[in-house]
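Written out below as structure tokens is the structure these notes cover.
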Amino acid sequence: MKQFPKNFLWGASTSAFQVEGGYGEGGRGIANSDMRFIPEGQADFKIASNHYHHFKEDVALMKELGLKVYRFSFLWSRIMPDGHKVNEEGLHFYDQLIDELINQGIEPLPTLYHFEMPYHLIEEFGGWRDRRCVDAYVAYAKVCFERFGKKVKNWITINEQMCATTPDDMNGNLEKDDDKRHQVLYQMSYHMTLAEKITIGLFHKMIADGHIGHVVAMQSVYPATSDPLDVQAAMNAQDELMWSFLDLSIQGSYSQHFTSYLKKHGWYPEMLEEDQKYLREHPDFIGVNYYSSLTVRAKRKDDDTSHMPPFFISDQFYVVRNTKLKPTEWMHFGIDPEGLYMGMRAIYDRYHLPMIITENGMAYSDMLEDGHIHDVYRIDYLEKHLAQVARLVDEGYPVLGYCPWSFVDLVSTHEGFGKRYGLVYVNRTNTDPMDCKRIKKDSFYWYQNVIKDGCIS
Ligand code: BG6
């Protein structure tokens, strides 16, 4: 039996553009996610899981599950349809959601920015590539703190800077030239960090009894062999994909290697002298998103990277399959609970901040069988990862809580509705929104017992 502390925050996660729907309703503006190219036969984000209309039922299910905390995000374009003017109806929706959560004894843990933003800000000045986006984000954060700060005490600034800066169709980085694209990417990342840091300072003034954190897409990177060049490639990938973003967001500066890497390429972001005072601000905790580990080797001249997502295209490493891990239909890098343990250990030992797991989950093409979902594979995944969390807790690492991804099935960031992560099934397909009826999966009942007993076997 692995026992968790009494005050451990048992939670679950979603993000607004992937779960809410409610497109065109309640004064909501056009979001960047509405303007994406969606391949034929794949769900878009307009109805999603229809949480906008099912939120009361969803909160009732959270209560039944025993959740202590619900991690969700605000849809910026619902609160500020054009990125500037405040939409009262949008704020009212979140008032209702937050009140419902609090009435059911569930702590709200909102993320201000989870990949989504008003499309107008991209049209107006290109989104995060322009410094004006820093001001727009800070103004948005202030509106949220003013409105919800009395009842919401724990907040998250930005979800996964690495993933937020790389999908060009979401962030407006439409540079064709690869070199320029990278330069813009790091400028965007810098602006995000600056926005976060100014916001953190503001938060601590406005909500003195609250806590605010940053969320990282945690990378546990292994070398494919013990060849020193592969080992260096793994160090470089870890640096490029995680430490670079995290060092900047937590410490306000890059590592020596990464600074030199950016300068050599001409990608070092433009910073102003006056920014220094903000860069000293740091979050109160780190949120960790983890799905699987990554294996790399040294880059060779003839390596083909055309099939890789943008963040895996680098001259410092080349992503390969880990022969020790078995890929599944959707989990292409395999399943690796040990990676969670190693990654969180490294993060804590570098920054010494409390951590909460804000995402961890298994995607599967779940099929209804006589009205049930027997997702033993997901239970196995979650249990093995929780065992690693228990190991961290046992060693004295300050892990505050665990939020599996996702509470209900929702639209994947880029792979539609067939790829499901939820503890609760949502009755729809990629092409037919049907009734979006909620059906509890076996993993729901399993997690309910874990929460009730506060332990795993
Ligand atoms: C995380 C994101 O990176 O991965 C989530 O924060 C996302 O928004 C999750 O849904 C799973 O990825 P995908 O691409 O399968 O949706």
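Readers should treat all values here as calculations from the given coordinates under stated rules, not as data from a laboratory. Worth saying up front: this structure is predicted, and the values here are computed from it rather than measured. Note: ideal-geometry Cβ built from the backbone for every residue, glycine included; neighbour counts use all protein chains shown.
Across the stretch 163-173, rounded Karplus estimates of 3J(HN,Hα) from the backbone phi angles (6.51 cos²θ - 1.76 cosθ + 1.60, θ = phi - 60°) give 6, 6, 8, 8, x, 4, 6, 9, 10, x, 7 Hz, Gly and Pro being marked x. Using only the Cα atoms of the stretch 197-284, build the gyration tensor, take square roots of its eigenvalues as a ≥ b ≥ c, and label the shape rounded, prolate or oblate: rounded if a/c is under 1.5, else prolate if a/b is larger than b/c, else oblate. Oblate, since a/c reaches 1.5 and b/c is not below a/b. Listed values for the stretch 249-263 are Karplus-derived 3J(HN,Hα) couplings in whole Hz (6.51 cos²θ - 1.76 cosθ + 1.60, θ = phi - 60°), namely 6, 8, 9, x, 8, 7, 5, 4, 4, 5, 4, 5, 4, 5, 5, and x replaces Gly and Pro.
Taking a straight line from the alpha carbon of Lys440, these aspartates and glutamates sit under 15 Å away, with near neighbours fewer than eight places off in the same chain left out: Glu57, Asp58, Glu64, Asp366, Glu369, Asp370, Asp375, Asp409.
Between His84 and His414, how many nm apart are label points set 7 Å from Cα along the C-beta direction? About 3.2 nm, to one decimal.
Shown is the FRET efficiency for Tyr23 and Thr225, computed with R0 = 51 Å from the Cβ-Cβ distance and rounded to the nearest 0.05: 0.55.
Using only alpha carbon pairs under 8 Å that are at least six residues apart, calculate the relative contact order of the stretch 2-456 and give it in whole percent. Relative contact order of the stretch 2-456: 18 percent. The coefficient of translational diffusion for the stretch 2-456, derived via Stokes-Einstein from the alpha carbon Kirkwood radius under 20 °C and 1.002 mPa s, stands at 96 µm²/s. Centroid-to-centroid, using Cα positions, the stretch 38-83 and the stretch 298-319 are 35 Å apart. Determine, from the Cβ-Cβ distance of Asn449 and Asp209 and an R0 of 30 Å, the FRET efficiency 1/(1 + (r/R0)^6), rounded to the nearest 0.05. FRET efficiency, Asn449 to Asp209: 0.35. Spatial offset of the stretch 373-407 relative to the stretch 182-257 amounts to 24 Å, using the alpha carbon center of each. At 7 Å along Cα-to-Cβ for each site, give me the label-to-label distance between Ser365 and Thr305 in nm. Computed distance between label sites Ser365 and Thr305 equals 3.1 nm.
Across the stretch 351-360, computed HN-Hα scalar couplings (Karplus, 6.51 cos²θ - 1.76 cosθ + 1.60, θ = phi - 60°) run 10, 6, 10, x, 10, 9, 7, 9, 7, 5 Hz from first to last residue, x flagging Gly and Pro. Straight-line reach from Lys46: taking Cα to Cα under 23 Å and skipping same-chain neighbours fewer than 8 places apart, the lysines in range are Lys56, Lys85, Lys419, Lys437.
The amide H of Tyr222, built 1.01 Å from its N in the peptide plane, has Leu294, Thr295, Val296 as neighbours under 5 Å, considering only residues 5 or more places off or on other chains. Per-residue extension of 0.36 nm, minus the Cα-Cα distance of Phe37 and Glu57, leaves a gain of 4.1 nm for this segment. Net charge of the neighbourhood of Met117, taken over other residues with C-beta under 12 Å away and scored Lys/Arg +1, Asp/Glu -1, is -4. Packing-based ranking of 241-247, 173-179, 376-382 yields 241-247, 376-382, 173-179, ordered from highest to lowest mean Cβ neighbour count within 10 Å.
Straight Cα distances below 20 angstrom link Lys180 to the lysines Lys263, Lys264, with same-chain residues fewer than 8 positions distant left out. Label positions at Glu175 and Arg132, each projected 7 Å from the Cα along the C-beta direction, are separated by 2.0 nm. Under 5 Å between amide hydrogens, built in the peptide plane, is the criterion, and for Leu9 it picks out Gly401, Tyr402 among residues at least 5 positions away or on other chains.
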